[in-house]
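The values are calculated or read from the model by the stated rules, or taken from the named source; none is laboratory data. These numbers come from a predicted model, not from an experiment. Positions of Cβ are generated from backbone atoms using ideal geometry, with glycine treated the same way; all protein chains shown enter the neighbour counts. Heads up: the accessible areas ignore ligands, DNA and RNA and are worked out on the full protein's heavy atoms, side chains in. Shrake-Rupley method; radii C 1.70, N 1.55, O 1.52, S 1.80 Å.
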Amino acid sequence: MARRLIEAPPQAVTSPAVRIRGLRRTFGSNVVLDDLDLDIAPGEFVALLGRSGSGKSTLLRILAGLDLPQAGSTEVVGAASVAFQEPRLLPWRRVADNVGLGLRRRSRADRRARAAEVLGEVGLTDKTDAWPVTLSGGQAQRASLARALVNDPELLLLDEPFSALDALTRIEMHALVLKVWNEHRPSVLLVTHDVDEALRLADRVIVLSAGRIVHESRVTNPRPRALHDEAIAHRRIELLGHLGVAEPESSHPAQKESA
Ligand code: ADP
Ligand code: MG
């Protein structure tokens, strides 16, 4: 008696958390995203690089549901939340109330309890009742991150969240984002124009140019990463090339790190 063999369907082992196909967004005659395809795996940390005006924020806004494409499809499995370069806290609400804003249909006490929890995670327990205006730039960005995390999103969209911070605060924020990512494992799409930041943080670095993903590099080095590592230094030169930047001698990572 012959048994019928059932073949596994030809699909990836895990289906992606984000699946973008044929995405097109134009502003008048300006074609910003042009037949763009991208998948992000569950729990994957992707950094999106591109020159100013290349459409990085447009892509993020579409994924966040803040903008609509003219063509193509985007599928996001689960909840997505965004943090921007400017923390965008409401000045007339205390920090915990800002953070709790994303929690609808919950009592104020519930929202504050959950806000206090995430504020603890980002190291802002002592700022729960503070007014946003009293926060430093780094603290405000932590609060913004807490607000993005309050719903425990499956996808965290970060649009240059560290670029307005001073170098030391930025290093602290890198560690914080990695901690949060390790603990909750959302998929992350981090927009940055900083190649080193991308190489420090991401599993995969992608380059957006002329409306499409023109390059991707996987980075498998364990974190925390040293930028002078040979494989990473090689990726860095490669990525700068795809961004149309020739690396000047003086910006060698070994020198930058000791500066
Ligand atoms: P990036 O974040 O990579 O710097 P953006 O996605 O913000 O780039 O912008 C990509 C292009 O789309 C730019 O040329 C920008 O001027 C244009 N653009 C973005 N938003 C709008 C809008 N609302 N109206 C018209 N043009 C826009
Ligand atoms: Mg932008």
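Just to be sure before I move on: is I20 modelled with pLDDT of 95 or more, open to solvent by less than 60 Å² (accessible area, probe 1.4 Å), farther than 23 Å from K179 by Cβ and under 18 Å from the mean Cα position of the chain (by Cα) in the structure I sent? Against the criterion (modelled with pLDDT of 95 or more, open to solvent by less than 60 Å² (accessible area, probe 1.4 Å), farther than 23 Å from K179 by Cβ and under 18 Å from the mean Cα position of the chain (by Cα)), I20 qualifies. Does R200 count as modelled with pLDDT of 95 or more, crowded, with 19+ Cβ neighbours inside 10 Å and more than 16 Å from ligand 2 (Cβ to nearest atom)? Considered against the rule, which asks whether it is modelled with pLDDT of 95 or more, crowded, with 19+ Cβ neighbours inside 10 Å and more than 16 Å from ligand 2 (Cβ to nearest atom), R200 comes out as yes. Of the listed requirements (1) within 16 Å of ligand 2 (Cβ to nearest atom); (2) over 17 Å from L189 (Cβ atoms); (3) in contact with a strand residue (DSSP E or B) (Cβ under 8 Å, 6 or more places away or on another chain), R25 misses just one: (2). Residues that are surrounded by 19 or more Cβ atoms within 10 Å (Cβ to Cβ) and among the charged types (D, E, K, R) were ranked within segment 150-160; the one that is nearest to R225 (Cα to Cα) is E160.
Evaluate segment 118-131: report whether one residue or more is away from ligand 1 (no atom under 15 Å from the Cβ), hydroxyl-bearing (S, T, Y) and in a loop (DSSP other than H, G, I, E, B). Yes, there is a match, as at least one residue in segment 118-131 is away from ligand 1 (no atom under 15 Å from the Cβ), hydroxyl-bearing (S, T, Y) and in a loop (DSSP other than H, G, I, E, B). Screening P253 against (1) crowded, with 17+ Cβ neighbours inside 10 Å; (2) at pLDDT 95 or above; (3) farther than 26 Å from T128 by Cα leaves a single unmet condition, (2). Any residue that is more than 16 Å from ligand 2 (Cβ to nearest atom) and not in a loop (DSSP other than H, G, I, E, B) - is there at least one of those in segment 187-194? Yes, that holds for at least one residue. Of all the residues in segment 39-52, those that are more than 11 Å from ligand 1 (Cβ to nearest atom) and either modelled with pLDDT under 95 or within 17 Å of D159 (Cα to Cα) (or both) number 5. State all residues of segment 89-115 that are surrounded by 14 or more Cβ atoms within 10 Å (Cβ to Cβ) and either within 16 Å of ligand 1 (Cβ to nearest atom) or on the phi > 0 side of the Ramachandran plot (or both); if no residue qualifies, say none. Scanning segment 89-115 gives no hits. For segment 219-228, the condition of being surrounded by 13 or more Cβ atoms within 10 Å (Cβ to Cβ) and closer than 24 Å to A146 by Cα holds for at least one residue.
Taken over segment 161-186, the residue count meeting the criterion of being part of a loop (DSSP other than H, G, I, E, B), in contact (Cβ under 8 Å) with a residue 40 or more places away in the chain and surrounded by 20 or more Cβ atoms within 10 Å (Cβ to Cβ) is 2.
For the subset of segment 42-61 comprising residues that are open to solvent by less than 10 Å² (accessible area, probe 1.4 Å) and within 14 Å of ligand 2 (Cβ to nearest atom), which member is farthest from G211 (Cα to Cα)?
We begin by selecting, within segment 42-61, every residue open to solvent by less than 10 Å² (accessible area, probe 1.4 Å); these are 45-50, 55, 59-60.
After this cut, where a residue has to be within 14 Å of ligand 2 (Cβ to nearest atom) as well, the list is 47-50, 55, 59-60.
Working: A47: 16, L48: 13, L49: 12, G50: 10, G55: 7, L59: 10, L60: 13 Å.
The extreme case among them is A47.
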